[in-house]
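S.K.: Sending over a structure as structure tokens; questions will come in a sec.
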Amino acid sequence: MVSLNLTSVHCCFTQNPCEVNIHPTCQTKPFSVINVEVRTRREQPSARNAALPLVLLLNRSQRLLVRPVAVPARYGGFWIRFVAALIDGILVQVVVVPLGAVFGGAIGVAGVAARMPGEGTRLVAVIVGAALGLLASWIYEAAMESSSLRATLGKMIFGMKVTDLNGNRISFARATGRHFAKYLSSMILFIGYIMAGFTERKQALHDMIASTLVIRR
């Protein structure tokens, strides 16, 4: 349903232009391009139909012609995503480092009690610290990008969000797959990340694997 508060005109949104009579008190008012909310009776607002600009034209018979105008999407490119990733990395480390220190201390005490060699204790501490970092990064990224925010804090700072190919919110499972697909993007000399600067919709390799987009608001 298209609702225009300007003229209190209501019409059914179809692929063809809508024609509706204008109230006599509104016939003298100028019309131009404005943003209105487009929603069918069976659909909820989404990135594809929630704020679609329409061109309002007044023809000779004083009828309002409503024509949808395509608006190109803006995607997050390589550099802006790189800076956002740095911010996210710092935020994750703010949480992981204190936890790692606590676990490291506990492992050290346990190693002394068990008379474990110093090298063995340090190896266990390194493994536990790495596991904490991987776990925190995964939970943080997957939970934030599958939430109603659709973005990590770093992406939110630059007005970006992660969606599926139709602009919809992704699930935790898909966000998880996208996160671990980043390791593949890293393994090939980070070429998977660099692809975001050259592909049509700024998709990195992990975006292609998970069928996701990074859209700028």
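S.K.: At M208 and L153, where each label point lies 7 Å from the Cα along Cα→Cβ, what is the point-to-point distance in nanometres?
M.R.: Using points 7 Å along Cα→Cβ, the separation is 3.3 nm.
S.K.: Could I ask something else about it? Take the Cβ-Cβ distance between T199 and A131 as r, set R0 to 41 Å, and report the resulting FRET efficiency rounded to the nearest 0.05. Could the numbers behind the result be given before it?
M.R.: Values: r = 33 Å, r/R0 = 0.80.
For T199 and A131, the calculated efficiency is 0.80.
S.K.: Another one. Hey, rough spin-label estimate for A101 and N166, points 7 angstrom out along Cα→Cβ, what's it come to in nanometres?
M.R.: Taking the two extended label points, one gets 4.8 nm.
S.K.: Please report M187, M116 as a ranked list, fewest other C-beta atoms within 10 angstrom at the top and most at the bottom. Each step should come with its number before you reach the end.
M.R.: Values: M187 10, M116 16.
So the ranking, lowest neighbour count to highest, is M187, M116.
S.K.: I would also like to ask the following. Can you list the HN-Hα couplings for segment 90-100, worked out from phi with the Karplus curve (6.51, -1.76, 1.60; θ = phi - 60°), rounded to whole Hz and with x for Gly and Pro?
M.R.: For segment 90-100, the Karplus-derived couplings read 5, 4, 5, 5, 4, 8, 6, 4, x, 5, x Hz, x marking Gly and Pro.
S.K.: Shifting gears a bit: Are there any trypsin sites (Lys or Arg not before Pro) in segment 82-159 that are in a DSSP loop and have at most 12 other Cβ atoms within 10 Å? List them by number. Could you put the intermediate results ahead of the total?
M.R.: Working: sites: R115, R122, R150, K155; in loops: R115, R150.
Those that pass, being in a loop and sparsely packed, are R115.
S.K.: If you don't mind, there's one more thing I want to ask. Tabulate in residue order the Karplus-calculated ³J(HN,Hα) for segment 155-165, using 6.51 cos²θ - 1.76 cosθ + 1.60 with θ = phi - 60°, rounded to whole Hz; enter x for Gly and Pro.
M.R.: Calculated HN-Hα couplings, in order: 5, 4, 4, 9, x, 10, 8, 9, 9, 7, 5 Hz.
S.K.: I would also like to ask the following. Given all pairs of different Cα atoms, what value in angstroms does the Kirkwood hydrodynamic radius of segment 163-211 take? Numbers along the way, then the final one.
M.R.: On the way: mean 1/r = 0.0921 Å⁻¹.
It works out to 10.9 Å.
S.K.: 5 Å is the cut-off here: which amide hydrogens, built 1.01 Å from N in the peptide plane, fall below it relative to Y75, excluding neighbours closer than 5 in sequence?
M.R.: R216
The numbers here are math on the coordinates, done by the rules we state, and not lab data. The model shown is predicted, which means the values in this text are computed figures rather than measured ones. Positions of Cβ are generated from backbone atoms using ideal geometry, with glycine treated the same way; all protein chains shown enter the neighbour counts.
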